[in-house]
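What follows is calculated from the coordinates using simple rules that are stated; it is not laboratory data. Please read these numbers as outputs of a predicted model, since none were measured by experiment. Cβ: placed from backbone, ideal geometry, glycine included. Neighbour counts: every protein chain shown.
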């Protein structure tokens, strides 16, 4: 990378260039190879494409995304790196006045730099994100679950070692869809017709105990510092069946990561200390709208009064249950949920970048 008069520059490219800072130009955001994002300074794309983890990872790291009508770039020419995403959230009145703590979602240990850990109670890590990093070092590692488990454990150790003892880590189990461009090949023989509603998350793990054992081995060295969250929980009955089958593998109780509107009516049936609500999927199914489809004329409204009211009613049921709820958040609608969920037991779950101190959001 060169620096012209102190202005950071990067190479315009349609592909990853090893060791080189790049601004990527992609036809579909789903084409982003999430294994190689450390040197990505910005992304321009035409279509979002099928839902993938690309958008989530870019949000965690503050990599700016720009959807455009056409791609104008010259391969290998120098360009100014787009300004990093800076929500300014930690300077906002809503953040300063929020009485509770936050959950920070990280991709790897580098995302901990700059976090105000006094405001963070838990760190959230997705198992598939650890797998993305693992296959960079060894594309065959996901075929050797013993080696993968050790690699994941080492990755978790690098995160845990940077945290105060009072901060817990939640590892969500693998939730890989059959169309995942990087990891799908390790779990599926073919792509399903509707991966969003297909065999993934808890459904997949219930049929493949070897993968549950892999993740249980990864968290075992951490005693009670790392908890396991069961992904894509769609009903209480399915979760109870899963937890009963696998609870002996984990030192901590298994946390449900609920991603279906069924949670609105069933939340008080869960006998746990913590529940994670995956608001993106809950909203997707609430509105019967696949968020991976880019040409639907209407979008998902996370601040819809009916959706917010349903979440409020659900959380009110937890007041006598003694457990807390972590809820996916976004600075754009944080105020809505903070206002409506006041006095309730909940924890906003946000991308690490959005909770960083200003000097780390450049």
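Here are some notes:
- Among 157-167, 177-187, the order from most to least packed when residues are scored by Cβ within 10 Å on average: 177-187, 157-167
- Highest to lowest packing among 325-336, 136-147, scored as the average C-beta count within 10 Å: 325-336, 136-147
- Computed over the range 243-362: relative contact order in percent, which uses C-alpha pairs under 8 Å that are six or more apart: 24 percent
- Relative exposure of 118, 316, judged by other C-beta atoms within 10 Å (fewest first): 118, 316
- Within the range 89-360, antiparallel bridges make up roughly 5 percent of the DSSP beta bridges whose residues both belong there.
- Sequence of 92, 248 once ranked by neighbouring C-beta atoms within 10 Å, starting from the fewest: 248, 92
- The alpha-carbon atoms of the range 200-310 define a convex hull whose volume equals 121 cubic angstrom per residue.
- Residue order, fewest to most beta carbons within 10 Å, for 36, 232: 36, 232
- Read-out Rg/Rh (Cα atoms, Kirkwood Rh), derived from the coordinates shown; its label in (i) 0.95; (ii) 1.30; (iii) 1.00: (i)
- Global form of the range 131-197, assessed from the alpha-carbon gyration tensor, a/c cut-off 1.5: oblate
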